[in-house]
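Here is the structure we will look at, set down as structure tokens.
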Amino acid sequence: MTATGGSAAGPRTVGEIMSHPPVTATPDEPVAVAAERMRTQGVGSVVVVNGERVVGILTERDLVRLAASEPAAASIAEWMTPDPDSVAPDVAVTEAFASLAEHGYRHIPVVDDGRVVGVVSMRDLMRIAQIQPADHLAHDVPRGLEGVVVAETTIGDVRGLEGFYHYRQYNAIDLAETRSLDDVWHLLSEGELPDRAQRERFDAEIRPLREIPPSVKAVLPELALAGEGARPLDMLRTTVSLVGATEGFGPSLDLDAAELRAQALRICAVVPTLLCALYRLQRGEPVVDPHPELGFAANYLYMMTGEVPRPEHARGVEQYMIATIDHGFNASTFTARVITSTGADLAAAVVGAICALSGPLHGGAPSRALDMIEDIGSTDRADSWLRDAVQRGQRLMGFGHRVYKTDDPRNVMLRSVAERLDAPMVDLAKYVEQRAVEILAELKPDRKLYANVELYASIVLNACGVPREMFTPTFTTSRVIGWTAHIREQAADNRLIRPSAQYVGPPPPQPVPPVE
Ligand SMILES: CC(C)(COP(=O)(O)OP(=O)(O)OC[C@H]1O[C@@H](n2cnc3c(N)ncnc32)[C@H](O)[C@@H]1OP(=O)(O)O)[C@@H](O)C(=O)NCCC(=O)NCCS
């Protein structure tokens, strides 16, 4: 694709904001030379040229891929993106922005009459595109807001092409391998990992917050049994509302940062207790109060089953929880921020986020992934089952992701946790994963569909004694830590989130017909 066009008199064009002259390299130069050129010139990419013709682009992202694979004697030709899309200098900034966002590019060469004249980056375009009036942007935004940057955050990010995500400045998987959930909660809440004294203070602050407020506890038995077939997550929405109301959570607009922090800790600490109480009451079992000695995940399993769990099960669930605390601007996190942007109270934002998480395309997938593995039942049935499902247009639960176009790092970690636990069905899950990825590649070429977090989450949670109906609730106990961090960040620097839509109905205005 080469985008061309734009209006000279109208909106700002790529030519006005591009970096020029472009930093270039030739395909036969070593990558190390290009990397040094990027560093000294302070740019994030080099355009690879053969004479005046653009033959590729090498970006920082390619250097990261290279660093992860082998050292740098490689030539640029091996690592660049060949025949990159380009844009003409007279294209409107908003148009170029939409194209970059849609394709996930970060840098794009600017080519005029077959000659490279500059480079434009996503960051340059965004800076300008953001100050265009909304009606310029509305029709440019990709469906599902894919790739659209809507806020700045210091909480974390996902790099889909690299298969990497982080909380603050740390690799989230490293945190899940080495830290406790409370430490990572501290990182998200307080901005840093705790030292010993901070850990003790935080622990002393959050443990009492696990208790359900007495007035809410009193109504739980009726609530739990109110609806035929209601699931713990459905009733959690109601009880989070109740906690907010009984504890006087006011609009976030009227609160200072310390008040909002206290409410965030309260909700995060009490959500696991509420879920386990609802689960047990729905099964006609007595509520188990929090265990004063147990850590987050062990206490969660204890409150659910009434028994102190085996340490390896508590650790497996804890690692799952750490790995799922935050994950960029996923649908539930975005929902929480939208609600907070109206100045609504923290409980309202968490309730909205729970609603978004409950959907099968977001947090509701792990139990369905386990259903699928069980339904397949044995390796010899996998091929026909998977092929048939994809050919009938079904989505394989636990596969595909909006951002990851390679292995989901959470899935990779949880696969090893499942192996460590010698989890039931782990071998079958591994076979299904391998065949599903191959069959999806064959039947849906170019879609880059891999297993996501939910596949082995279901295997790990099942192995640790978490019942299927508590899979998505378990996800909620960790993700609420991420939501509340985002709620506090949004409230600290708020602007109402209010996008636009493109009207595509019958052209207005038409006369209102008389009443018949
Ligand atoms: C996660 C998910 C919602 C992301 O969706 P998305 O970014 O909007 O992707 P799209 O819906 O645009 O899908 C792109 C293509 O891949 C296909 N696809 C995506 N996920 C698929 C899956 N799990 N199984 C089969 N096909 C899938 C779509 O059918 C579509 O194909 P098409 O272009 O031929 O119609 C999607 O992959 C999905 O539904 N996965 C299953 C549910 C799941 O595991 N959710 C947990 C996410 S952590």
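The values are calculated or read from the model by the stated rules, or taken from the named source; none is laboratory data. As the structure is a prediction and not an experimental result, all values here were calculated from the model. Neighbour counts are summed over all protein chains in view; Cβ atoms, including those assigned to glycine, are modelled from backbone coordinates with ideal geometry. Keep in mind that these areas ignore ligands, DNA and RNA; they rest on the heavy atoms of the full protein, side chains included. Shrake-Rupley method; radii C 1.70, N 1.55, O 1.52, S 1.80 Å.
For G400, the conditions (1) open to solvent by 50 Å² or more (accessible area, probe 1.4 Å); (2) out of contact with any helix residue (DSSP H, G or I) (no Cβ under 7 Å at 6 or more places or on another chain); (3) farther than 18 Å from P467 by Cβ all hold with the exception of (1).
Of the residues making up segment 438-463, those that are more than 9 Å from the ligand (Cβ to nearest atom), surrounded by fewer than 18 Cβ atoms within 10 Å (Cβ to Cβ) and modelled with pLDDT of 95 or more are E438, A441, E442. Taken together, the residues in segment 384-410 that are more than 12 Å from the ligand (Cβ to nearest atom) and in contact with a strand residue (DSSP E or B) (Cβ under 9 Å, 6 or more places away or on another chain) amount to 2. Inside segment 191-204, can you point out the residues that are surrounded by fewer than 14 Cβ atoms within 10 Å (Cβ to Cβ) and within 27 Å of T239 (Cβ to Cβ)? Matches in segment 191-204: A204 only.
Scanning segment 102-127 for residues that are at pLDDT below 75, more than 23 Å from the chain's Cα centre (by Cα) and aliphatic (A, V, I, L, M) turns up just one, L125. Do we have any residue at all in segment 448-456 that's in contact with a Lys or Arg (Cβ under 8 Å, 6 or more places away or on another chain) and of a type in the set (K, R)? Yes, because at least one residue in segment 448-456 is in contact with a Lys or Arg (Cβ under 8 Å, 6 or more places away or on another chain) and of a type in the set (K, R). Just one residue in the set G363, G359 is crowded, with 23+ Cβ neighbours inside 10 Å, within 12 Å of the ligand (Cβ to nearest atom) and outside any helix (DSSP H, G or I); that residue is G363. Within segment 170-195, the set of residues being out of contact with any Gly (no Cβ under 9 Å at 6 or more places or on another chain) and in a loop (DSSP other than H, G, I, E, B) comprises R179, G191, E192, L193, P194, D195.
Of the residues in segment 464-506, how many are small (G, A, S) and either within 16 Å of the ligand (Cβ to nearest atom) or closer than 19 Å to T324 by Cβ (or both)? Let's see the steps before the verdict.
Within segment 464-506, the subset small (G, A, S) is 465, 478, 482, 485, 491-492, 500-501, 505.
Add one more test, that the residue is either within 16 Å of the ligand (Cβ to nearest atom) or closer than 19 Å to T324 by Cβ (or both), and what stays is 465, 478, 482, 485.
Counting residues in segment 464-506 that are small (G, A, S) and either within 16 Å of the ligand (Cβ to nearest atom) or closer than 19 Å to T324 by Cβ (or both) gives 4.
Restricting attention to segment 22-60, report how many residues are outside any strand (DSSP E or B) and either among the small types (G, A, S) or touching a strand residue (DSSP E or B) at 6+ places or on another chain (Cβ under 8 Å) (or both).
At the first step, the residues of segment 22-60 found to be outside any strand (DSSP E or B) are 22-23, 26-29, 31-44, 51-52, 60.
Checking the rest, the ones that are also either among the small types (G, A, S) or touching a strand residue (DSSP E or B) at 6+ places or on another chain (Cβ under 8 Å) (or both) come to 22-23, 26-29, 31-35, 37-38, 42-44, 51-52, 60.
Total meeting the criteria: 19.
Residue selection: A96 fails the criterion of being loosely packed, with under 14 Cβ neighbours inside 10 Å and modelled with pLDDT under 85.
Across segment 299-313, the number of residues qualifying as open to solvent by 10 Å² or more (accessible area, probe 1.4 Å), without any contact (Cβ under 8 Å) to a residue 60 or more places away in the chain and in a helix (DSSP H, G or I) comes to 2.
Near the ligand (Cβ under 9 Å from one of its atoms) and either assigned to a helix (DSSP H, G or I) or open to solvent by 40 Å² or more (accessible area, probe 1.4 Å) (or both): does that describe R381? No. Within segment 342-360, residues that are under 13 Å from G250 (Cα atoms) have Cβ atoms under 6 Å from residues that are open to solvent by 40 Å² or more (accessible area, probe 1.4 Å) and within 16 Å of the ligand (Cβ to nearest atom) in no pair, counting only partners at least 6 apart in sequence or on another chain. The residues of segment 210-268 that are assigned to a helix (DSSP H, G or I), among the basic types (K, R) and open to solvent by 70 Å² or more (accessible area, probe 1.4 Å), listed by number, are K217, R237.
Go through the residues of segment 339-350 one by one and say whether even a single one is in a loop (DSSP other than H, G, I, E, B) and under 23 Å from L443 (Cα atoms). Scanning segment 339-350 turns up no residue that is in a loop (DSSP other than H, G, I, E, B) and under 23 Å from L443 (Cα atoms).
Pick out the one residue from M413, M372 that is open to solvent by less than 50 Å² (accessible area, probe 1.4 Å), farther than 27 Å from T178 by Cβ, within 15 Å of the ligand (Cβ to nearest atom) and hydrophobic (A, V, I, L, M, F, W, C). Step by step, each of M413, M372 is checked, and only M372 is open to solvent by less than 50 Å² (accessible area, probe 1.4 Å), farther than 27 Å from T178 by Cβ, within 15 Å of the ligand (Cβ to nearest atom) and hydrophobic (A, V, I, L, M, F, W, C). Within segment 468-495, residues that are within 15 Å of A349 (Cα to Cα) reach partners that are open to solvent by less than 10 Å² (accessible area, probe 1.4 Å) and among the acidic types (D, E) with beta carbons closer than 6 Å, at six or more positions or on different chains, in the pairs G482/D326. Of everything listed in (1) assigned to a helix (DSSP H, G or I); (2) open to solvent by less than 10 Å² (accessible area, probe 1.4 Å); (3) more than 13 Å from the ligand (Cβ to nearest atom), the single unmet condition for D326 is (1).
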